[in-house]
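Here, each number is a calculation from the coordinates, and none is a lab measurement. Note that this is a predicted model, so its numbers are computed, not measured. Here the Cβ positions follow ideal geometry from the backbone for every residue, glycine too, while neighbour counts run over all protein chains shown.
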Amino acid sequence: MRRFIPILLALWLGLPGLVVAQAGLWDRQVDSILSLMTLTEKIGQMNLLTSDWVQTGPSLRPSYLADIQAGRVGAIFNAHTADYTCELQRLAVEETRLGIPLLFGFDVVHGYKTIFPMPIGEAASWDLAAIEGAARISTREAAAAGLHWTFAPMVDIARDPRWGRMAEGAGEDTWYGNEVARARVRGIQGQDLADPQTLLACVKHYAAYGAAQAGRDYHTTDLSEQTLREVYLPPFQAAIEAGAATIMTAFNDLNGIPATGNRFLLDQILRQEWGFDGFVVTDYSSIPEMIQHGIVGDTAAAAALALDAGVDMDMQASAYYYHLARLVAEGKIDEGQIDAAVRRILRAKYALGLFDDPYRYCQPNQEAAVWLSDAHRAAARDIARKSLVLLRNQGATLPLRSPDRILLTGPLADSQRDMLGSWSGAGEAESCVTLKTGLETRFGAEKVRFVPGCGIEDGDDQGIAAAVRAARRAEVIVAAVGESAAMSGEAASRSELDLPGVQLELLQALKATGKPLVVVVFSGRALALPWLAEQADALVMAWFPGTEGGHALAEVLSGDYGPSGRLPVTVPRSVGQVPIFYNPKATGRPMDPQQKYTSKYLDVPNTPLFPFGYGLTYGEMVYEGLQAEPSVFDPSQTVTVSVTVTNRGPQAGTETVQLYVRDLVGSLTRPVRELKGFQQVTLAPGESRVVTFALRAEDLAFLRRDGTYGAEPGHFDLFIGPHAESAEHVRVKLVP
Ligand code: NOJ
């Protein structure tokens with residue numbers, strides 16, 4: 001504690017001369033500390049370095065240890081577990097001149113030890129409470145491991161499934177993306193960051209990273225300001241309004257300026273328009289990458305550009321560390337800019353309570369109590385079952401009644417590692433339940449015969465014959481196919497959206513046996529699988545379902561849980577349709593199969609294989625009596641839109657009822673549909689429910705041609721249905 005004394009002294013004395021009038025308590029305390037800091041120590045706070053954590057355990061280069069001891073590092077990432085973080089914290093607190101505590105960050109994206117479905121899968125649950133709960137549990141486990149800060153939520157809108165990072169977000173829709181972003185921030189940050197079971201959230205990747213040209217990761221982004229503001233930015237704003245304490249810049253360049261040096265994004269929009277007062281961190285080494293972008297000639301210029309744009313913390317490049325002091329000495333940057341950045345970083349440390357007790361996240365006894373606890377596994381199983389999307393179910397193939405002979409096949413049927421997906425924190429393959437274990441537990445091991453059939457990516461078809469032989473003796477085939485976990489996530493773009501390797505050959509051979517074929521697809525993106533959409537008797541999209549995935553799948557396949565997941569992305573028929581999403585602008589030549597000169601392809605329909613919002617239940621849902629009251633309304637009124645949903649099937653089902661709007665005439669062209677709300681209702685066989693939405697003029701607002709935000713009077717079509725392509729609608733009119 002010796003070295004911590006100067007800071008405590010400064011705090012007690014309050015250093016009134018340095019106190020900014022009207023500043024809050026934290027601000028006064030932060031200013032007190034700032035007044036004690038040398039320029040080098042200030043720049044140290046802006047330096048974020050990774051530990052060299054490897055599979056076998058932690059390590060930190062000796063030079064980093066020296067950097068911590070010298071106060072040249074403000075935060076460390078990829079260092080975790082209470083013992084290790086506390087050891088490093090001790091160096092910062094007790095062996096540096098000012099004793100400023102370190103911040104420990106990590107990518108806790110969908111779990112720390114207990115791994116939840118990939119975020120795209122969580123989003124497919126359309127259950128915001130479950131999504132918030134998953135974030136809360138992940139946070140709890142991470143906080144017990146000494147972490148303070150997670151690089152989540154990822155809120156990038158993803159309209160192109162070639163981009164592997166579609167897996168990490170909430171899908172293609174902005175309105176839904178806003179809801180999920182808020183839920184995740186609430187789950188991570190809780191009510192009060194001073195509670196040591198919360199973390200700082202870091203909303204990423206700001207901005208428009210998901211619009212990478214051709215779906216190739218890190219590629220450039222070129223967007224109109226309208227599309228940027230209407231489609232890509234709102235989830236960031238939503239996260240910030242929900243209190244996200246930090247934000248990460250993206251790797252891409254946006255309209256000619258890399259996001260990490262983009263003053264328009266970081267200053268004008270983020271700080272001035274949205275009033276963000278947290279700190280901005282770069283993505284990994286993205287400051288010097290601006291040299292490759294061709295916007296600066298050397299690292300010093302890159303550091304100056306980033307600082308001037310509004311970047312507070314440099315992830316892993318040490319560009320600030322090596323260049324800022326000299327840039328100040330040369331008069332190229334103002335020390336006041338550094339002070340502003342450090343103030344924001346110290347304020348975050350304050351918010352976490354680290355200045356009161358730098359060891360408050362050192363709770364080694366908590367780790368065993370919370371990691372993979374029964375309650376956490378149960379929550380993971382709950383959202384995993386809700387994330388599964390039933391895309392096809394011919395002749396009620398599912399649920400499986402009580403089969404005596406199941407052939408389980410396919411390369412994903414028993415791969416624990418692949419259940420985790422990418423960015424799986426400290427999750428361990430050994431704790432994952434595969435589909436094989438799930439089915440054996442549910443139906444009895446003697447009823448499940450497992451024959452792998454083939455690998456994921458290799459072209460070896462030798463195992464197919466054995467699978468076919470086993471299929472002939474089975475009552476039903478369950479085939480687990482798809483991508484490996486490593487094929488989604490960062491640096492995992494694909495140019496094809498098919499099943500890799502010989503998996504389709506395996507499925508076609510199995511189909512030829514005439515036995516019912518249930519196909520479970522694992523992947524972090526939408527895959528274009530037209531053969532499966534026609535030939536599988538049942539088709540389930542499983543994403544990467546996490547630790548409890550196998551049990552969750554067994555529940556849905558057996559009917560213990562009726563499937564309720566819905567697609568948060570459009571599924572294309574072919575790569576050639578990409579980017580495909582449910583809410584494009586209308587064309588002046590809408591598709592007409594009879595007319596050559598209309599907007600269409602010669603070789604594939606315009607429609608997707610499965611639309612956004614799609615998913616079947618074991619019920620049979622019928623929508624009737626759509627109405628809106630009043631049909632003419634002014635901005636002071638609320639329109640009540642309702643529909644009656646009836647389950648005409650013999651089994652219960654949870655239906656996700658969706659409200660979409662089309663603004664027929666606008667000062668700028670408007671999307672053909674926009675999601676504005678959804679509700680989940682569980683209906684017993686024969687049960688009916690009136691589902692009602694309240695719609696106000698502000699729900700119809702957009703960024704208008706004159707640059708103002710608001711709704712425009714005129715006609716709107718309101719659709720309520722089970723997905724984005726449902727046709728039933730009513731027309732209403734907004735009057736001034
Ligand atoms: C690079 C990734 O783009 C980002 O999402 C992640 O948070 C950082 N690396 C840190 O691991």
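A Förster radius of 25 Å combined with the Cβ-Cβ distance from Ala694 to Ala129 puts the calculated FRET efficiency at roughly 0.80.
With respect to the chain, whose longest principal axis is taken over its alpha-carbon atoms, helix 549-558 is tilted by about 20°.
One chain, two ends: Asp83 and Arg648. Fully extended at 0.36 nm per residue, the span grows by 197.7 nm beyond their Cα-Cα distance.
Our note on the geometry: Cα centres of region 333-362 and region 367-402, 41 Å apart.
Using a 4.7 Å Cβ-Cβ cutoff, the cysteines of the chain lacking any partner cysteine are Cys202, Cys432, Cys454. Of the beta bridges in region 377-563, as assigned by DSSP with both residues counted there, near 20 percent are antiparallel.
The C-alpha atoms of the chain define a longest principal axis, and helix 25-36 lies at about 50 degrees to it.
Simple point charges give the picture: +1 on the Cβ of Lys and Arg, -1 on the Cβ of Asp and Glu, and for the chain a dipole about the Cα centre of about 800 debye.
Extending 7 Å from Cα along the Cβ direction at Tyr284 and again at Arg401 yields two label points whose distance is 5.2 nm.
Scoring 290-297, 593-600 by mean Cβ neighbours within 10 Å over their residues and listing the highest first yields 290-297, 593-600. So if each residue of separation counts as 0.36 nm, and I subtract the Cα-Cα distance between Ala586 and Thr607, what length gain in nm does that give? Full extension from Ala586 to Thr607 adds 6.2 nm. Relative intensity of the chain on a log10 scale, I(q)/I(0) at q = 0.05, 0.06, 0.07, 0.10 Å⁻¹, equals -0.26, -0.38, -0.51, -1.01, per a Debye sum over C-alpha point scatterers of equal strength in the absence of solvent. Each listed q (0.10, 0.11 Å⁻¹) maps to a log10 I(q)/I(0) for region 621-734, found by the Debye formula over equal Cα scatterers with no solvent: -0.32, -0.38.
Expressed to the nearest 5 percent, the antiparallel share of DSSP beta bridges inside the chain is 55 percent.
Summarised in one figure, the compactness ratio Rg/Rh of region 370-425, Cα atoms and Kirkwood Rh, is 1.03. Peptides 84-91, 276-283, 390-397 ranked from most to least packed give 276-283, 84-91, 390-397, packing being the mean of other C-beta atoms within 10 angstrom over each peptide's residues. Amide H contacts under 5 Å for Phe610: Val571, restricted to partners 5 or more places along the chain or on a different chain, H placed in the peptide plane at 1.01 Å from N. Roughly what angle does helix 174-189 make with the longest principal axis of the chain, taking Cα atoms, 0 to 90 degrees, to the nearest 10? The helix 174-189 is inclined about 50 degrees to the chain.
Looking at region 7-366, the DSSP beta bridges with both ends there are about 15 percent antiparallel. Segment Gln268..Ala465, full-extension length gain: 64.7 nm, with 0.36 nm per residue of separation and the alpha-carbon distance subtracted. With 28 Å as the limit on Cα-Cα distance, the pairs of Lys436/Lys515; Lys113/Lys447; Lys600/Lys733 that go past it are Lys113/Lys447; Lys600/Lys733.
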